[in-house]
Amino acid sequence: MILARKWSAFSEQFSIFGSNSSTVRRLFAENFSTYWKRYALAGVFMFLVAASTSLSAWIMRDVVNAMLVDHRLELLFPLCLGIIFIFATKGFATYAQDVTLGRAGNRIVADIQKRVFSHILNFDLDFFTNSPSSDLIMRVSGGANAARDVMNTVVMSFGRDLLTLIGLFVVMFVQAPMLSALTLIVAPPAIFGVSNLIKRVRKIMAQEFALATRSLQLLQETVHGARIVKSFNLRQHMQGQMDAAVTALEQRANRMNSLQARS
């Protein structure tokens, strides 16, 4: 079960990297050199998470054999101590990894938002006249957050998840070579299926972003043009447009939840 979850997560993240490799490379070229120390520290904690996950899978055989097969109760205490130590190490490393990546990602968001806002200020008046404010707001806020999520996802997929997969495969092939060989038959169709699901999720995410921008635009138009809406009795018209946008956004979100759950 652990291997299945890690394989699904890694194949999903690898699919994202493969289809957006140019964007990912640009993000790393712009940001990784500045924050490499934080990502290196997170990598250490990722290694501890991967190692403890592999050790937890390894020790389960000894626990079952000692308790249920050989009935060696004298091993109960040291095995329990070993399990406690492994999961305590994994918990600490997971916490430290999340905090380190979170701080690095938040700094990236702040820097990108500052750069984008400074870049926007350099445009002439025609740009602001032809560009909806809602679109600019979504790009400043949503774009920076997306950059952080992409970098953290790639680091975790090629750090923690890849190392965990390698460790679990080693444990599997050492303890049960014949059964482990069956995973080589199951893995390719699984990767292909998850890749197709990810492509559909990305398409829905783009539609959801556009609909969220439209909803924000309608809200701004209503607030800033409240006098016009009241004067020309446009309440039903604005309400109908907002209802349609929100309903479409809800449908896209439900479809995305369904596709993500299938993986």
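The values are calculated or read from the model by the stated rules, or taken from the named source; none is laboratory data. Predicted, not measured: the structure shown is a model, and the values here were computed from it. Quick reminder, even Gly has a Cβ in these numbers, built from the backbone with ideal geometry, and neighbours come from all protein chains shown. To get the accessible areas, we keep the full protein, side chains included, count just its heavy atoms, and leave off ligands, DNA and RNA. Shrake-Rupley method; radii C 1.70, N 1.55, O 1.52, S 1.80 Å.
Are any residues in segment 98-156 touching a residue at least 24 places away in the same chain (Cβ under 8 Å) and among the charged types (D, E, K, R), and if so, which ones? Passing the criteria: ARG103, ARG107, ASP111, ASP135, ARG148, ASP149.
Applying the criterion of at least 3 residues that are of a type in the set (D, E, K, R) to the helices (runs of 4 or more DSSP H) found wholly in segment 119-227 leaves 133-156, 183-224. Candidates GLY91, GLY105: the one that is within 24 Å of the chain's Cα centre (by Cα) and either over 23 Å from VAL170 (Cβ atoms) or β-branched (Val, Ile, Thr) (or both) is GLY105.
Residues that are aromatic (Phe, Trp, Tyr) and either surrounded by 15 or more Cβ atoms within 10 Å (Cβ to Cβ) or at pLDDT 80 or above (or both): does segment 191-198 have at least one?
Kept after step one, since they are aromatic (Phe, Trp, Tyr), are these residues of segment 191-198: 192.
Checking the rest, the ones that are also either surrounded by 15 or more Cβ atoms within 10 Å (Cβ to Cβ) or at pLDDT 80 or above (or both) come to none.
Among the residues of segment 191-198, not one is aromatic (Phe, Trp, Tyr) and either surrounded by 15 or more Cβ atoms within 10 Å (Cβ to Cβ) or at pLDDT 80 or above (or both), which makes the answer no.
Among residues of segment 15-34 that are at pLDDT 65 or above, those with a beta-carbon under 8 Å from a residue that is among the aromatic types (Phe, Trp, Tyr) and in a helix (DSSP H, G or I) at least six positions away or on a different chain give the pairs VAL24/PHE17; PHE32/TYR39.
Selection of first residues in segment 54-67 that are of a type in the set (D, E, K, R) and of second residues that are surrounded by 15 or more Cβ atoms within 10 Å (Cβ to Cβ), restricted to Cβ pairs under 7 Å at least 6 apart or on distinct chains, gives the following pairs, ordered by first then second residue: ASP62/LEU79. In segment 249-263, the qualifying residues are those that are touching a residue at least 40 places away in the same chain (Cβ under 8 Å) and part of a helix (DSSP H, G or I), and the one that is most open to solvent (accessible area, probe 1.4 Å) is ARG262.
Among the residues in segment 83-96, are any outside any helix (DSSP H, G or I) and at negative phi? Within segment 83-96 (the criterion being outside any helix (DSSP H, G or I) and at negative phi), the answer is no, since none of the residues qualifies. For the criterion of being closer than 29 Å to SER215 by Cβ, under 27 Å from the mean Cα position of the chain (by Cα) and open to solvent by less than 60 Å² (accessible area, probe 1.4 Å), THR183 fails.
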